[in-house]
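The values are calculated or read from the model by the stated rules, or taken from the named source; none is laboratory data. Quick caveat, the model's predicted, so the values are computed rather than measured. Note: ideal-geometry Cβ built from the backbone for every residue, glycine included; neighbour counts use all protein chains shown. The accessibility values were calculated without ligands, DNA or RNA, using every heavy atom of the protein model including side chains. Shrake-Rupley method; radii C 1.70, N 1.55, O 1.52, S 1.80 Å.
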Number of protein chains: 2
Amino acid sequence: MDKPINKKRARGKLSRDRIETSAFEVIEREGLSGFSMRKLAQALGCEAMSIYHHYPSQAHLFEALVDRLIGELEIPPRDLPWRQRVRNVLHGYRAMARKYPAFVPFIVTYRMNSPKCLKWLDGVIGLFEDGGFGRERSARLFRAVGYYLMGAILDETAGYARGPSSVTKVDDEQLRSDFPNVAAAGPYFAPSEFDKTFEMGLEMMLDEMGLEVAGNGHAGLSGAGQKP
Amino acid sequence: MDKPINKKRARGKLSRDRIETSAFEVIEREGLSGFSMRKLAQALGCEAMSIYHHYPSQAHLFEALVDRLIGELEIPPRDLPWRQRVRNVLHGYRAMARKYPAFVPFIVTYRMNSPKCLKWLDGVIGLFEDGGFGRERSARLFRAVGYYLMGAILDETAGYARGPSSVTKVDDEQLRSDFPNVAAAGPYFAPSEFDKTFEMGLEMMLDEMGLEVAGNGHAGLSGAGQKP
DNA sequence: GCTTGACAACTTACACTGTAAGGCTCATCA
DNA sequence: TGATGAGCCTTACAGTGTAAGTTGTCAAGC
């Protein structure tokens, strides 16, 4: 009774752009595990299989989603202080993650290999090399800072503050009596504290790297430092 | 032709212990997304629905798996130097993750709230409080170090070194010419470098915390330091 | 030994998933 | 005008988690 005789095909209705935009919406609305090609199709007003004319598989679609997000990120210009450039890169990534929280679990487990993603990766690693640490140390610092960033966005979007995902629950009273340290730390795990905690950890790592670059004090200002 | 007339029920064959052990095996063999109740049942030599007599849902089963893993972790004794205690906790968690790499994506997105997990959490937060940072700083340092750890085990188990998960691939030649920084950093992203990179980042964070605890030098030896 | 009850396994069934294979319609071009 | 192919739809299949109901098995009480 829904669509009586309207057999007209909606030609040209779909496009990669429209599909991807809808996909983000469905993912955020239904959650990553609640997403399905059929729900996406419904949001688009088409049949599920129509999407397969634009992407050969769901994996290809998701890959396009990552590409779109990473493609919007920028590498901070070289005329900024080095430390500020690193901050900007991390904040940019984190902002993207917080814009699409439901998609984060996919992002952090996705191994990027598309040109768009590699270009961004190349820029970020280059940024670390600009710090003058040399190839090896740059690579490792990039990794270490990346670990921190991935863990942070994961916790901030899918973490404890969203409530327990476990089925067996411990109520507040028992928490306070049996797990006092957790109870005491609880307030600092709240979403309102995310920024402050993230900055603290980030500046810790930057301090260490600054120590290294400048030899002693907290410098690590700009451009390419000394190479070993 | 498989089971001709053998209608005998295998009573008491199943147990939570046996199911969980098999579940870990199936997860590691088939991957997290390849896991299913039916495959688990097959590994156990029973029907899928029989498992539901021991766990009301797959979520409950997975929760039990996390509980089992976390339950095996230990809080390092207080007579060890503080810095060593932190190292031990992180190494313990990381070793667990590397033992069940396919399960890691679930672990890092799981919000623990069972008594067993909370007990461990309480111990770890308490360990940070033993560092003498005070409640707030302890909570934030716990979080920051946790971010680093989660990101690390995620990359080491599900990360780039396992090969790209993307569908569009860039070959090595193009990588070297178009993304030289990535190509140069590549060797340091290999699994053989995991330990070294992890230690570097960990010691960086410990150094910062040591600086804070001791006031200046790299100390932060043992027990409860001064509280602000 | 026989009956009874509860427990632990099995059977069936349903709504949902991704997607392979093929069909239909229409704009474009020869 | 007829052919082509792009763009969407239909059908179908093997897989998923799990609700509901059934049946085989064993221990306890008579």
Checklist outcome for this item: Given trypsin sites (Lys or Arg not before Pro), DSSP loops and at most 12 other Cβ atoms within 10 Å, the longest exposed-site-free stretch of chain B is B:14-168
Checklist entry - In peptide B:71-79, what is the residue-averaged number of other protein chain Cβ atoms found within 10 Å of each Cβ? => result 0
Checklist entry - Modelled label-to-label distance, B:Val167 and B:Lys13, 7 Å Cα→beta-carbon offset: nm? => result 4.1 nm
Checklist entry - How big is the Rg/Rh ratio for the range A:13-55, C-alpha atoms only, Rh by Kirkwood, two decimals? => result 0.93
Checklist entry - Just B:Gly201, B:Gly31, B:Gly163 to compare: in a GNM of chain B, with alpha carbon springs under 10 Å, which one fluctuates most? => result B:Gly163
Checklist outcome for this item: Expressed in square angstrom to the nearest 10, the accessible area of A:Cys46 with a 1.4 Å probe stands at 20 Å²
Checklist entry - With axes computed from alpha carbons, what is the tilt in degrees of helix A:58-72 against the longest principal axis of chain A, rounded to the nearest 10 within 0 to 90? => result 50 degrees
Item to check | Peptide A:112-125 - average C-beta neighbours from other chains (10 Å radius) | outcome: 6
Checklist entry - Between B:Ala190 and B:Leu80, how many nm apart are label points set 7 Å from Cα along the C-beta direction? => result 3.1 nm
Checklist entry - With axes computed from alpha carbons, what is the tilt in degrees of helix B:16-30 against the longest principal axis of chain B, rounded to the nearest 10 within 0 to 90? => result 80 degrees
Checklist entry - B:Tyr52 label points, 7 Å along Cα→Cβ, one per copy: pairwise distances from this copy to the rest in nm, shortest first? => result 2.9
Next on the checklist: Longer than 21 Å from Cα to Cα, which of A:Lys39/B:Lys169; A:Lys119/B:Lys169; A:Lys99/A:Lys169 are they? Say none if no pair is.
Outcome noted: A:Lys39/B:Lys169; A:Lys99/A:Lys169
Item to check | Relative contact order for chain A, counting Cα pairs under 8 Å that sit 6 or more residues apart, in percent | outcome: 21 percent
Next on the checklist: Just to confirm a number: summing +1 for Lys and Arg and -1 for Asp and Glu over residues other than B:Tyr55 whose beta-carbon lies under 13 angstrom from that of B:Tyr55, what do you get?
Outcome noted: -1
Checklist entry - Which of the GluC sites (Glu not before Pro) found in the range B:38-126 are loop residues per DSSP with 11 or fewer other Cβ atoms within 10 Å of their Cβ? => result B:Glu74
Checklist entry - How large are Rg and Dmax for the range B:74-203 when only the alpha carbon atoms are used, in Å? => result 17.7, 54
Checklist outcome for this item: Total charge of the residues flanking B:Ser177 in space, meaning their Cβ is under 12 Å from its Cβ, with Lys and Arg +1 and Asp and Glu -1, is -4
Next on the checklist: Under 5 Å between amide hydrogens, which residues at least 5 positions from A:Val170 or on another chain qualify, with H placed 1.01 Å from N in the peptide plane?
Outcome noted: none
Checklist entry - How well do other chains shield peptide B:154-162, expressed as the mean number of their Cβ atoms within 10 Å of each residue Cβ? => result 4
Checklist entry - Based on the alpha-carbon gyration tensor of the range B:1-154 and its eigenvalue square roots a ≥ b ≥ c, which shape applies: rounded if a/c is under 1.5, prolate if not and a/b is larger than b/c, or oblate? => result prolate
Next on the checklist: Suppose the chain between A:Ser33 and A:Glu136 were pulled fully straight at 0.36 nm per residue; how much longer would it get relative to their current alpha carbon spacing?
Outcome noted: 33.2 nm
Checklist outcome for this item: Answer in debye to the nearest 20: the dipole magnitude of the range B:38-182 about its Cα centre, from +1 Lys/Arg and -1 Asp/Glu charges placed on Cβ, is 300 debye
Checklist entry - Under a no-solvent Debye model with one identical scatterer per Cα of the protein assembly as shown, what's log10 I(q)/I(0) at q = 0.06, 0.11, 0.14 Å⁻¹? => result -0.31, -0.98, -1.43
Checklist outcome for this item: homo-copy label distances at A:Ile75 (7 angstrom along Cα-Cβ), nm, one dp, ascending, are 4.6
Next on the checklist: What are the ³J(HN,Hα) couplings of the range B:135-146, residue after residue, when phi is run through the Karplus curve with 6.51, -1.76, 1.60 and θ = phi - 60°? Round to Hz, x for glycine and proline.
Outcome noted: 4, 4, 5, 4, 4, 5, 5, 4, 4, 4, 5, x
